[in-house]
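*Asks:* Dropping the structure in here first, questions after.
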């Protein structure tokens, strides 16, 4: 069992890390190997909902600008070689970045969320629809938590209580990916935050259902 805090390898029967004392993530390891990692949640019981574009859809999204660029280059230059060069560069970019995004999604659950109930998660950023995912947004039983895995990101983590998600507004329009939406909200202290996520409507619905469920309790 690998500690998610210090990466020390512990005996499988350990509850706490022998090196740093952190609680170990008891992830179910007996999952069928045929299941794609893209549909498995990085949570304790693999029961969370992954909200994301599929791996091939991501590759297609990343390739599209280069495809249009290749057509434009061919129209201007009438040169197949130049157009093919743009297309090949786009293909390499799409494969490389899609792999990066998959690695972000498959990151181990943050230590600070180990004892939390994670309802859904997905790739996200705090920049704009014209930026690629830099981290993961988690929908917890008590709110939203964004964790960045990019050292260049200004914000490494944010937590917003579920009650403040009532201020959330989804923005559509042109974006880097298909169904790549911005969700704006405040944290109760007149500070506005933007999370860019796949399928913003699904995030909005889940937040509404969670708020409603909390009000009934």
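Each value in this text was obtained by applying a stated rule to the coordinates, not by laboratory testing. Note that the structure is predicted; figures quoted are calculated from it, not measured. Reconstructed Cβ throughout: ideal geometry from the backbone, glycine too, with neighbour counts over all protein chains shown.
*Asks:* Give me 136, 86 ranked fewest to most by other Cβ atoms within 10 Å of their Cβ, as a rough exposure proxy.
*Replies:* 86, 136
*Asks:* Further question on the same structure: What is the Rg over Rh value, at two decimals, for region 46-204, using alpha-carbon atoms and the Kirkwood definition of Rh?
*Replies:* We get a ratio of 1.05 for region 46-204.
*Asks:* At 7 Å along the Cα-to-beta-carbon direction for both residue 215 and residue 81, put a label point, then send me their distance in nm to one decimal.
*Replies:* 6.6
*Asks:* By counting other Cβ atoms within 10 Å of each Cβ, how are 126, 81, 117, 196 ranked from fewest to most?
*Replies:* In increasing order of surrounding Cβ atoms, one gets 81, 117, 126, 196.
*Asks:* Using a Debye calculation, one point per C-alpha and no hydration shell, please list log10 I(q)/I(0) for region 55-103 at q = 0.21, 0.28 Å⁻¹ in order.
*Replies:* Scattering profile of region 55-103, log10 relative to I(0): -0.64, -0.90.
*Asks:* Explain nothing, just the number: relative contact order of region 98-197, from Cα pairs under 8 Å at least 6 residues apart, as a whole percent.
*Replies:* Across region 98-197, relative contact order equals 23 percent.
*Asks:* At residue 163 and residue 60, where each label point lies 7 Å from the Cα along Cα→Cβ, what is the point-to-point distance in nanometres?
*Replies:* Taking the simple label geometry, residue 163 and residue 60 are separated by 4.4 nm.
*Asks:* With the Cα gyration tensor of region 143-204 in hand, convert its eigenvalues to equivalent ellipsoid semi-axes via √(5λ) and list them largest first in whole Å.
*Replies:* Here the semi-axes work out to 18, 17, 10 Å.
*Asks:* If neighbour count is taken as other Cβ atoms inside 10 Å, put 100, 61 in order from fewest to most. Show your work: numbers first, answer last.
*Replies:* Details: 100 14, 61 19.
Fewest-to-most Cβ neighbours within 10 Å comes out as 100, 61.
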